[in-house]
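Beneath this line is the structure, given in structure tokens, with notes to follow.
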Amino acid sequence: MTLTFRESDHKYFLNGEELPSVSKIKEPLTDFSMVAPDVMRRAQNFGKAVHKMAELYLLEQLDFSTLDEGLFGPLAAFELWLKECRPFQSGPAVIDIKSRLFDRVTDPLQLAAYYAMWKENRDELGADPIIEKPLASIRYRFAGTPDIIIPPRDGAEDFTNHRVLYLGRDGRYQYTPCYDRNAWPVFGHLLGDYQRAITTAQILKSWRNR
């Protein structure tokens, strides 16, 4: 099985078949209709820049001389988090980096979905930390890119340390636990609704073109 991530439009393909992203599946829970398009675009671009900054930092590939000064605050927050929380020495975790504060409605679903993909692929992924690696669930037919997954060292499969890491422009961070045992079932309902809508659209298209 070959998973391809097309970054230009944030789409995932498994052996050529498009899979919905975690973000796409949870779209019914978000409404940005009242946000001006230019404001939304700037927020999205800033969020992407924060993610890339954190990824390059962890991979020891960040060129500090070219870093936009708008990222100095999130970088300081990230370094402070690494120093104070020592996440890579503190046991298994699924961590999602945000440039906005924790959302109790959508974030637990996102982390539950990332955790489910890790469980399905854990034998192949091994024991090393996962940083910005596209993953797919073949069983449930969806895909996504977790920011950070720190696997358990003792081989235990289950853990509930799901966290959202908010990196503020002011150099401060919030590291919020967001595990909820009902998150995965709710995500499953959203995924089912998405898949049924796709199937219905295909049936209606075929019916109209018969």
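No value in this document is a laboratory result; all are computed from the given coordinates. Quick caveat: nothing in here was measured; it's all calculated off a predicted structure. All Cβ positions, even for glycine, are placed from backbone atoms using ideal geometry, and neighbour counts span all protein chains on display.
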>> Conditions first: (1) in a helix (DSSP H, G or I); (2) in contact (Cβ under 8 Å) with a residue 60 or more places away in the chain; (3) exposed (fewer than 15 other Cβ atoms within 10 Å of the Cβ); (4) not aromatic (Phe, Trp, Tyr). Glu124 passes all but one, so which condition is the exception?
In response: (2)
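For the stretch 185-210, how many residues meet the condition of being more than 13 Å from Ala113 (Cα to Cα) and either of a type in the set (Val, Ile, Thr) or in contact with a Pro (Cβ under 7 Å, 6 or more places away or on another chain) (or both)?
Of all residues in the stretch 185-210, those more than 13 Å from Ala113 (Cα to Cα) come to 192-210.
Adding the requirement that they be either of a type in the set (Val, Ile, Thr) or in contact with a Pro (Cβ under 7 Å, 6 or more places away or on another chain) (or both) leaves 194, 198-200, 203.
Number satisfying all stated conditions: 5.
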> Can you pull out the residues in the stretch 45-61 that are exposed (fewer than 14 other Cβ atoms within 10 Å of the Cβ) and either over 14 Å from the mean Cα position of the chain (by Cα) or aliphatic (A, V, I, L, M) (or both)?
Replying inline: Asn45, Leu59, Glu60, Gln61
> For the stretch 152-174, does any single residue satisfy the condition of being touching a strand residue (DSSP E or B) at 6+ places or on another chain (Cβ under 7 Å) and surrounded by fewer than 16 Cβ atoms within 10 Å (Cβ to Cβ)?
Replying inline: yes
